[in-house]
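K.L.:
Below: one structure in C-alpha cells.
The numbers here are math on the coordinates, done by the rules we state, and not lab data. All values derive from a computational prediction rather than experimental measurement. Please note: Cβ atoms are built from the backbone with ideal geometry, for glycine as well, and neighbour counts cover all protein chains shown.
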Amino acid sequence: MSTTGHPFRQFIVKVHGRCNLACTYCYLYEGPDRTWRTRPAAASPAVLDRTADRIAEHARGHGLTAVSLVLHGGEPLLAGVDTLARFTEAVRARVPAGCAVRPAVQTNATLLTEERLSVLARHGIQVGISLDGGRARHNALRVDRAGRPSWPAAARGARLLAGRFPDTYAGILTVVDPTADPVETYDSLLELRPPALDLLLPHGNWSTPPPHWGGGRHGDWLCAVFDRWWAAERRETRVRLFEECVALLLGLPAAGESLGLTPFDALVVETDGSIEQVDSLKSAYEGAARTGLDVFRHTFDEALRHPGIAARQAGTAALAEGCRSCPLLTVCGGGQYAHRYRAGHGFRNPSVYCADLERFIRHVAGRLAADAVPAVASPEGGTP
C-alpha cells in the first residue's frame, strides 16, 4: 500500500464541460478561471477509459472498500446517459473485489426524462439536482442560452424524479441567497420531496467577497433554516450541513468540505484528462485548481504529492494562526478552503465567512444545549 497522503475516495469526473444553461452568477463559467474554454466539450472514450483504470489502480493500492464516483460538468447529461452508464460499469468492473462504487450525477434537471432516468436507475446512478429554490421566482437567474427561464423544464425533471424514481433521488443542492426568505426557500424545496439537501455558501473570498456579504447575513439565513428544520415534528429531509454541525458538536466524526477537520479526499478529472483540485478553487483565480498532471501520464498517488493537495491534507498546519487557537476549530475547521483566499497571501487566512460560521455554529450549539436540559420534575413527582 502507498503511504503518500490520505487516499482519494471521491472522484469527480467531468464527462461534459459545457452547460445548456447560462446562469449569470455561475462561478465556473463567469468567474476568473477560463481554462474551460480551451478544453474539449466532452470527455473522449480514451479519457474515460484511462480514468477508470486510474480509479481502480488507486482503490487497489490503498485497499479502499468504497469510492464515490461523481459524474459532473457543465451539464453531464449532455454527454448522454449511455456514456454515463458505460463509464460507471467500466469503473465497477475494474475496481478490486470488495470495493463498492457509489455513482451519482449532478444535473440542473432540465434534461431529465423518463427514458433517461430509467437508464440511470438501472445502473444504480443516483441523481442530484442543482436548484436555487423550489419555485419559479427563486430560479429567475437560471436561464438557457437564449435567455429563456429554465424552471419549467427543471421542475418537470425534479417532479418526475421524485414521483417515479424516488430510490434514484440523491437530493438537491442549493446555494444560500441571503436576499431570499430562508424559511420560504426551504419550504419550497421540500415541495420537490428531496431526501437530502446540500446548502452551500456562495463562493467568494477576501479579495472578491461573496454577493450580499457582510453583517452576518449568511449566518442568519442558515440559523433561520436550521430552526425550521430542527423544530419540525418529523425529519422532513436530511440537511447535510446541519447534520455535520450537530455531529461535530457532539464529538462525532463528520465528513464534509465545509466543516470539520476531516482530510480532503476529492479530486477532479477534466474532459481532457487533466487531474485538478476541486472546482471551488476556480472562484479564487485563474489556474488555482491546476496541478499539471493528467490521467495518461500520472497516477493519483502523484496527485497526492502535489503541493496544493498536500496543503489541504495538512490538517491544522494549513490554517491561520487565529483559526488554530479558536475554540470552534474542531467544528468549523477553518471553513471551506476556497473561501480563505486573499490575493498576495494565499489560503492561510480565516474564511471570508468566519463571522457567519461562528454565528451559525454557536446557534446550533445553543439549541442542542437547550434541548438537552433534563426534564424538571413536576410537583406531583412526575415529569411535565
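K.L.:
State the percent of C-alpha pairs, over all pairs in the range 1-54, separated by a distance greater than 16 angstrom.
P.N.:
On the way: 851 of 1431 pairs.
So the portion of pairs separated by more than 16 Å is 59 percent.
K.L.:
Still on this structure: For the range 129-211, just list the percent of Cα-Cα distances falling in each 10 Å bin from zero outward, please.
P.N.:
Going out from 0 Å in 10 Å bins, the range 129-211 shows 17, 46, 30, 6, 1 percent.
K.L.:
Further question on the same structure: Please name which of L197, W229, V246 has its Cα lying farthest along the dipole of the range 178-316 towards the positive end, using unit charges on Cβ (Lys, Arg +1; Asp, Glu -1) and the Cα centre as origin.
P.N.:
V246
K.L.:
Moving to a separate point now. Using a 10 Å cut-off on Cβ atoms, rank the peptides 192-203, 320-331 from the highest mean neighbour count down.
P.N.:
Order by mean packing, descending: 192-203, 320-331.
K.L.:
Let me ask something else. Going toward the positive end of the dipole of the range 10-307, with +1 on Lys and Arg Cβ and -1 on Asp and Glu Cβ, which of V67, G219, G124 do you reach last?
P.N.:
G124
K.L.:
Using only Cα positions of the chain, each an equal point scatterer, no hydration layer, compute I(q)/I(0) via Debye at q = 0.10, 0.14 Å⁻¹ and quote the log10 values to two decimals.
P.N.:
Scattering profile of the chain, log10 relative to I(0): -0.66, -1.36.
K.L.:
Given an 8 Å cut-off on Cα distances and at least 6 residues of separation, report the relative contact order of the chain as a percent.
P.N.:
19
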